[in-house]
1. Which members of the range 39-86 meet the condition of being basic (Lys, Arg) and within 18 Å of residue 113 (Cα to Cα)?
2. Residue 53 - would you say it is among the aliphatic types (A, V, I, L, M), under 20 Å from residue 90 (Cβ atoms), modelled with pLDDT of 85 or more and part of a helix (DSSP H, G or I)?
3. Looking at (1) more than 17 Å from residue 111 (Cα to Cα); (2) touching an Asp or Glu at 6+ places or on another chain (Cβ under 9 Å), find the lone condition where residue 76 falls short.
4. Say we look at the range 77-114 and pick out the residues that are of a type in the set (Gly, Ala, Ser) and under 14 Å from residue 34 (Cα atoms); which of these is surrounded by the most Cβ atoms within 10 Å (Cβ to Cβ)?
Amino acid sequence: MYNRCATTYQNTNITTTDPNRLITMLYDAAIKNLLLAREGILKKDVTMRGEHLGKAISIITELLSSVQGDPEEEAVAFLRGLYSSMLKELIKVNIHNKTKPVELSIKYIAQLKDIWQKQVIQGSEKNRQEKNKPESASLDKYDRSAIKNTKDSGRVNQAYQAGFMCRG
């Protein structure tokens, strides 16, 4: 009974959540499953490795399908290429049983999550707050500091600025 109620709650939470927050949830789930897959590799637990690696691959595939924009744009092509490369390497993990591709994927997804939260989530909250202000109070609405390109984020940051969006 409890499991059924918990599942219903989780499904309701997912279907009613802001699409931008869904991306954060996907990143969290991908990291969690990659960590568990890595643990399965280290413990030589084939079932654990396979189950969590499969879930991580499914999540990354969903992230790949959520990238929207002109495929000719460098930023969009970069994100699609990054997700595709991760998928290719993670599929090989079942054959070679190496942790390095899993660890690299964790690192990339953690960085993407951080950028997503800083650029998209905080940016959309700022926009929502500005919409609720009286017109005279929002003189700074043309401030472009929220979409500056930082050195440490590089092309990944540009990908978000160029239109990485969640299908809603």
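1. Within the range 39-86, the first condition is being basic (Lys, Arg), and the residues that meet it are 43-44, 49, 55, 80.
Result: 55, 80.
2. Yes; evaluated as a whole, the condition is true for this residue.
3. So residue 76 meets the others, but not (1).
4. My answer is 105.
The values are calculated or read from the model by the stated rules, or taken from the named source; none is laboratory data. From a predicted model like this one, the values you see are computed outputs, not experimental measurements. Don't worry about glycine lacking a Cβ; one is built from the backbone with ideal geometry, like all the others, and counts go over all protein chains shown.
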